[in-house]
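Step one of this worksheet: look at the structure below.
The values are calculated or read from the model by the stated rules, or taken from the named source; none is laboratory data. Everything quoted here is computed from the prediction, not taken from an experiment. Because the Cβ atoms are built from the backbone with ideal geometry, glycine has one as well, and the counts that use them run over all protein chains shown. Each accessible area value is taken on the protein alone, full model and side chains, heavy atoms only, with ligands, DNA and RNA left out. Shrake-Rupley method; radii C 1.70, N 1.55, O 1.52, S 1.80 Å.
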Amino acid sequence: MDYVFRTCRRVEFSDTDLGGIVHFSRFFVFMEGAEHEYLRSLGTSVDLEIDGQRAGWPRLSASLDFRSPARFEDWIDLELRVLRKGRSSITYGHTLKVGERLIAEGRISTACCLLDLPTGLKAVPIPAEIAERIAVVGE
């Protein structure tokens with residue numbers, strides 16, 4: 001697997017605020033969409049089964065630094081890098097650009113968890129068949 005996963009998306013009108021620029025909250029949606037595409041490229045999903053139990057990837061943290069505005073109908077190029085892969089967690093680094101212009105840089109940390117337990121969520125090791133396909137770039 002390549003160290004950098006790339007995808008793109010067009011800014012929709014519903015992504016913008018009154019000033020005609022992408023609303024800050026939408027960047028998190030864009031980054032999450034890139035993560036979903038990345039996991040699908042590995043042959044898995046954010047909704048998976050581990051040992052007969054429903055599992056997923058709830059967020060541990062998310063952050064974003066804004067660099068330049070994006071506007072309606074811009075094409076945003078998204079790059080996702082795995083900065084860290086732990087026993088049960090992954091930290092992604094995201095770079096968002098319009099052409100060569102840097103729009104934002106962000107991070108999302110997530111944990112592989114069993115979801116439907118009577119006691120709530122439980123972090124579990126990333127299944128080996130998934131973990132072995134994840135290439136870590138590092139910081």
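Among the residues of segment 109-139, those that are of a type in the set (Val, Ile, Thr) and either modelled with pLDDT of 90 or more or buried (at least 16 other Cβ atoms within 10 Å of the Cβ) (or both) comprise Thr110, Thr119, Val124, Ile126, Ile130, Ile134. Taken over segment 97-139, residues that are hydrophobic (A, V, I, L, M, F, W, C), under 16 Å from Tyr3 (Cα atoms) and out of contact with any Ser or Thr (no Cβ under 9 Å at 6 or more places or on another chain) amount to 5. Of the strands (runs of 3 or more DSSP E) contained entirely in segment 1-101, those carrying at least 2 residues that are among the small types (Gly, Ala, Ser) and surrounded by 13 or more Cβ atoms within 10 Å (Cβ to Cβ) fall at 53-56, 89-98. Within segment 31-51, residues that are closer than 19 Å to Ala62 by Cα sit with their Cβ atoms under 8 Å from residues that are assigned to a loop (DSSP other than H, G, I, E, B) and open to solvent by 30 Å² or more (accessible area, probe 1.4 Å), at 6+ positions apart or across chains, in these pairs: Glu35/Val46; His36/Ser45; His36/Val46; Leu39/Ser45; Leu39/Val46.
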